[in-house]
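Taken together, the values in this text are just the output of simple stated rules run on the coordinates, not laboratory data. The shown structure was predicted, so the numbers you read here are calculated from the model rather than taken from an experiment. Cβ: placed from backbone, ideal geometry, glycine included. Neighbour counts: every protein chain shown.
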């Protein structure tokens, strides 16, 4: 291991040990007020999302990187879509989750409601500061999305 990578790894591990947990992402609304935490409402995130769906994580693939102190730069999750609330999407999606404090970690075999956006490279991602989450913990969010979906009859398409 190169000395610079060892130092980075030591620094990251020291912070994790000192805080007792991994650092959580800070979410800020840079569009209107950089010091205001950003927590989009379900309605706002629904409008801003390319797709809103429910699905189960089938697999994950780590994208390795020698520049990253942990050894990978991102995780690609393959999700089998079971219900589409907004957008026209395939029955399987690949979501990219960067290895940063803003990552959206998922577990294989678990079901999630996901609000999916595209980045500048057209990669699909989930905002860690948004309303996505495990379906078993997101009943109120799913009910609100069902209401929004009924207002937008063209949103329930899959191919």
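What the table below lists for this structure:
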| quantity | calculated |
| --- | --- |
| Along principal axes, Cα extents of the range 39-158, largest first, whole Å | 47, 28, 28 |
| Order of 150, 111 - criterion: other Cβ atoms within 10 Å of each residue's Cβ, fewest first | 150, 111 |
| Modelled label reach - residue 90, point 7 Å along Cα→Cβ, the range 52-66 residues with backbone N closer than 15 Å | 58-59 |
| Extension gain, residue 110 back to residue 67 (0.36 nm per residue minus Cα-Cα distance, nm) | 12.4 nm |
| Sequence of 124, 146 once ranked by neighbouring C-beta atoms within 10 Å, starting from the fewest | 146, 124 |
| Ranked list, fewest to most other Cβ atoms within 10 Å of each Cβ, for 126, 42 | 42, 126 |
